[in-house]
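Written out below as structure tokens is the structure these notes cover.
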Amino acid sequence: MKKIEAFIRNESFEAVRMDLLDKGFPSLSISEAQGSGRQKGITEQYRGSELTIHLRPKLKLEIVVDDKDVSVIVESILKHARTGQVGDGKIFVLPVEAAIRIRTGEDGELVLQAHEAEEIPAGA
Amino acid sequence: MKKIEAFIRNESFEAVRMDLLDKGFPSLSISEAQGSGRQKGITEQYRGSELTIHLRPKLKLEIVVDDKDVSVIVESILKHARTGQVGDGKIFVLPVEAAIRIRTGEDGELVLQAHEAEEIPAGA
Amino acid sequence: MKKIEAFIRNESFEAVRMDLLDKGFPSLSISEAQGSGRQKGITEQYRGSELTIHLRPKLKLEIVVDDKDVSVIVESILKHARTGQVGDGKIFVLPVEAAIRIRTGEDGELVLQAHEAEEIPAGA
């Protein structure tokens, strides 16, 4: 299992989310972050030289999937979170050793994204 | 060392927290997140079919422990964060390669949860 | 590649940030967290004995770097986030298997902290 952590623009989330849902990956978590990278930012004097200091709102997306599903998640994020402008963010992939569903105590890959049809309420 | 990341109901935290404290694990971090999974949510039309979109407040609990302590932490969370209803959340276990206490620069397992008695103020 | 997660005092961030920028590591993310550890906190009665319950605001710093750069990051945090008082926080190092820049789709270590001069606007 792998954990995908993506730091994306807030405004990219809906498109990523819809695509992941469409592809069968409804389970994810988001939180607010501030990130800096190559993008231009607030310029200030520091130790005699100008530096661009840049902290911008980012949405941190966390999603844990089976190894075989990493590429589809990454492709979805690349497709829907890319504007081509500096500041689009980054994706990291980390190893996950265990996953447990609290409600049932089940563990392993079955608790990740695969959903039995009867558990997805249609329009409920 | 392992990092346990649990996405739980906000209202489950106090019980988990008290139990972990009781078992000798006072060091942890929490942050606000929004998560989605199998639970029912806001229904909206999407590409002609109804989908349940669900993002709900979750508390993200992070705790780093020695390998041998993973099971007691997981058991505590399962016991105290389980309501039996969809939406109880998940627990993930990730490998951690190093841990350093900033105050002293010490590293390794000794900086994790074990506390010498004199450093826990009694009623202070 | 490694991910460094540091839980530090909010007031330590600027010094850490400036030093990391100075050393060529502009890419990082921060978010708000609450942490507890050995520091004194709010005391309350619990199961008949007094316990110190302590959740304090912490800043979570996340930075992904090449293996060879872990020590310089850790040293910087230790130097600038250490007050010597209980509550300075901790640093954790986790393995990272992949890193992708969303704007270009590039992956690997080249997307991390190394910046070509022309991409850092001087006073822009």
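Summary table below
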{"read-out": "Label-point separation, B:Leu55 to A:Lys23 (7 Å along Cα→Cβ), nm", "value": "1.8"}
{"read-out": "Mean projected area (nm²) of the alpha-carbon convex hull when the range B:2-112 is viewed from all directions", "value": "8.5"}
{"read-out": "Potential lengthening between B:Val72 and B:Glu32 on full extension [0.36 nm per residue; Cα-Cα distance subtracted]", "value": "12.0 nm"}
{"read-out": "In order through the range C:13-23: 3J(HN,Hα) via Karplus (6.51 cos²θ - 1.76 cosθ + 1.60), integer Hz, x for Gly, Pro", "value": "4, 4, 5, 5, 4, 5, 5, 5, 4, 4, 8"}
{"read-out": "Given B:Lys58/C:Lys58; A:Lys2/C:Lys90; A:Lys58/C:Lys58; A:Lys79/C:Lys23, the pairs whose alpha carbons are separated by over 22 Å", "value": "A:Lys2/C:Lys90; A:Lys79/C:Lys23"}
{"read-out": "Buried accessible area, chains C and B (both chains, 1.4 Å probe, Å² to nearest 100)", "value": "3200"}
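The values are calculated or read from the model by the stated rules, or taken from the named source; none is laboratory data. These numbers come from a predicted model, not from an experiment. Heads up, the Cβs are rebuilt from the backbone with ideal geometry, glycines too, and the neighbour counts pull from every protein chain shown. All accessible areas refer to the heavy atoms of the entire protein, side chains included, with ligands and DNA or RNA removed. Shrake-Rupley method; radii C 1.70, N 1.55, O 1.52, S 1.80 Å.
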